[in-house]
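Novice: My questions will all concern the structure given below.
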């Protein structure tokens, strides 16, 4: 990583960690989607693809801010361990929970302490989207555990992803604007 001013070094390191994590999570979710499709859980596959697209957006946002602060966004994509769809959903929920409870709140606090509003914005946008992902993964896990394979997890469905911040919605009627970044609803990407 190139030299950056001491007061933003930790923020850039956090941006890099978030960029690397989101980039690898995107790859993981795409692999999880393929497994869910193979197992006949096409709705769960749709969710993995939508969340994967959101993670890709988060990574791009983190990279852009990192570059503006003098950092460089490059990372290695690690091999993905794919198990059953239920186990993959649990792993995804665990990862989202870590980001919600620990990683992003810590990164936001550090960026706020140094007055870095660009970093605060990208971290906050990702945090809010991760909350939606965690809720949806929790719902999918409950449906699989209860044996409701005829529910939404079985059939491919549409999810809506904000191309600006990665917020993820279940229905197109949820908002006129993104509740996180205020992007107009018509800009949302439809992921199936």
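What follows is calculated from the coordinates using simple rules that are stated; it is not laboratory data. As the structure is a prediction and not an experimental result, all values here were calculated from the model. Don't worry about glycine lacking a Cβ; one is built from the backbone with ideal geometry, like all the others, and counts go over all protein chains shown.
Novice: Taking Cα centroids, how far is region 72-110 from region 133-192 in Å?
Specialist: 18
Novice: Also: As a check on your grasp of the helix formula, calculate [θ] at 222 nm for the chain: sum -39500 (n - 2.57) over DSSP H runs of n ≥ 4, divide by the residue count, round to the nearest 500.
Specialist: -20500 deg cm²/dmol, from helical runs alone.
Novice: Assuming R0 = 25 Å, can you tell me the calculated FRET efficiency for the pair residue 9 and residue 98, based on Cβ-Cβ distance, to the nearest 0.05?
Specialist: Using R0 = 25 Å, I get an efficiency of 0.60.
Novice: Mind checking the angle between helix 104-113 and the chain's longest principal axis? C-alpha axes, 0 to 90 degrees, to the nearest 10.
Specialist: 20
Novice: While we're on this one: With the chain treated as a Gaussian network of Cα nodes joined by springs under 10 Å, which of 171, 122, 11 yields the largest mean-square fluctuation?
Specialist: Of 171, 122, 11, the most mobile in the Gaussian network model is 171.
Novice: Please report, for the Cα atoms of the chain, the Rg to one decimal and the Dmax as a whole number; what are they, in angstrom?
Specialist: My reading of the Cα-based Rg and Dmax gives 16.8, 55 Å.
Novice: Let me ask you something else. Relative to the first principal axis of the alpha-carbon coordinates of the chain, what is the inclination of helix 6-38, with its axis defined by its Cα atoms, in degrees from 0 to 90 and to the nearest 10?
Specialist: Taking Cα atoms only, the helix is inclined about 10 degrees.
Novice: Then there is this: Using a basic spin-label model with each label point 7 Å from the Cα along Cα→Cβ, how many nm lie between residue 86 and residue 154?
Specialist: 1.6
Novice: Length gain on complete extension for the stretch residue 76 to residue 113, per 0.36 nm per residue less the alpha carbon to alpha carbon distance?
Specialist: 10.4 nm
Novice: Go ahead and run the numbers for FRET between residue 17 and residue 182, Cβ-Cβ distance against an R0 of 35 Å, rounding to 0.05.
Specialist: My answer for the efficiency is 0.80.
Novice: Taking Cα atoms, how many degrees apart are the long axis of helix 85-98 and the longest axis of the chain, rounded to 10 and kept between 0 and 90?
Specialist: Compared with the principal axis, the helix lies near 30 degrees.
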